[in-house]
Amino acid sequence: MANKSCIFCTIIKDPNNLIFEDVNTAAFMDINPVANGHILVIPKKHFANFIETPPKLACEVTMIVHKIANLLIKTIPEIKGFNILTNNGSEAFQEVFHYHVHIIPKYIREKGFLINRTKENVTIDNIINLKKILKSQLM
Ligand code: 5GP
Ligand code: ZN
């Protein structure tokens, strides 16, 4: 189901915009690339973010991310690695609210996508308590 006000729903209507599509997914070049080869992979159906996307569809998106990242390695031998990520929610810097995975090639550590790992104050008690709670729900 397309969302009329969504730029990605509009983009995928025209196959000329795409580098790949199948029944449920599409991929296209990021218009404002962080590095050469920055590609976005999305489900065709509109879901606001990763959490909202049905898990099986998110898996289909991941399969295409894997395929395209491998193709980039073959196509651009200078690629040394990738940052493969999704921003979920405005607090996490999401700007377009149609689930997408960024494939961002990494050529040099100091350039392109950079991670600022400022640490919040999480105590060891906090870690142990949360571990217990989550494990009791998951196993
Ligand atoms: P977010 O911050 O939501 O994870 O990232 C949104 C991404 O979408 C950004 O990297 C931005 O450059 C890209 N983007 C935004 N508008 C357009 C557009 O109209 N066309 C394409 N190809 N990419 C877009
Ligand atoms: Zn959309």
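The values are calculated or read from the model by the stated rules, or taken from the named source; none is laboratory data. All values derive from a computational prediction rather than experimental measurement. For neighbour counting, all protein chains shown are included, and Cβ atoms are generated from backbone atoms with ideal geometry for every residue, glycine included. Just the protein is used for accessible areas: all its heavy atoms, side chains included, with ligands, DNA and RNA removed. Shrake-Rupley method; radii C 1.70, N 1.55, O 1.52, S 1.80 Å.
I'd like to verify a number: residues in region 92-108 that are loosely packed, with under 14 Cβ neighbours inside 10 Å and outside any loop (DSSP other than H, G, I, E, B), how many? First the steps, then the outcome.
Residues of region 92-108 loosely packed, with under 14 Cβ neighbours inside 10 Å: 92-93, 95, 108.
Retained after the next criterion (residues that are outside any loop (DSSP other than H, G, I, E, B)): 92.
Residues flagged as loosely packed, with under 14 Cβ neighbours inside 10 Å and outside any loop (DSSP other than H, G, I, E, B) within region 92-108 amount to 1.
Just wondering, is there one or more residues in region 115-132 that are assigned to a loop (DSSP other than H, G, I, E, B), crowded, with 16+ Cβ neighbours inside 10 Å and in contact (Cβ under 8 Å) with a residue 24 or more places away in the chain?
Filtering region 115-132 down to residues assigned to a loop (DSSP other than H, G, I, E, B) leaves 115-123.
The next check asks that each one be crowded, with 16+ Cβ neighbours inside 10 Å; those that pass are none.
Within region 115-132 (the criterion being assigned to a loop (DSSP other than H, G, I, E, B), crowded, with 16+ Cβ neighbours inside 10 Å and in contact (Cβ under 8 Å) with a residue 24 or more places away in the chain), the answer is no, since none of the residues qualifies.
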(request) Consider only pairs whose beta carbons are under 8 Å apart and that are at least six residues apart or on different chains; among these, list those whose first residue lies in region 49-76 and is within 14 Å of Ala27 (Cα to Cα) and whose second residue is among the small types (Gly, Ala, Ser). (result) Ile64/Ala27; Ile68/Ala27; Leu72/Gly37
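If you scan region 70-89, which residues turn out to be over 12 Å from the mean Cα position of the chain (by Cα) and open to solvent by less than 80 Å² (accessible area, probe 1.4 Å)? Steps first, answer last, please.
The first filter runs over region 70-89 and keeps only residues over 12 Å from the mean Cα position of the chain (by Cα), leaving 70-81, 89.
Residues satisfying the conditions are Asn70, Leu72, Ile76, Ile79, Gly81, Gly89.
Sort through Ile7, Ile31, Ile19, Ile11 and tell me the only one that's in contact (Cβ under 8 Å) with a residue 12 or more places away in the chain, open to solvent by 80 Å² or more (accessible area, probe 1.4 Å) and near ligand 1 (Cβ under 10 Å from one of its atoms). Steps first, answer last, please.
Values: Ile31 fails: in contact (Cβ under 8 Å) with a residue 12 or more places away in the chain; Ile19 fails: near ligand 1 (Cβ under 10 Å from one of its atoms); Ile11 fails: open to solvent by 80 Å² or more (accessible area, probe 1.4 Å).
Result: Ile7 is the single residue among Ile7, Ile31, Ile19, Ile11 that is in contact (Cβ under 8 Å) with a residue 12 or more places away in the chain, open to solvent by 80 Å² or more (accessible area, probe 1.4 Å) and near ligand 1 (Cβ under 10 Å from one of its atoms).
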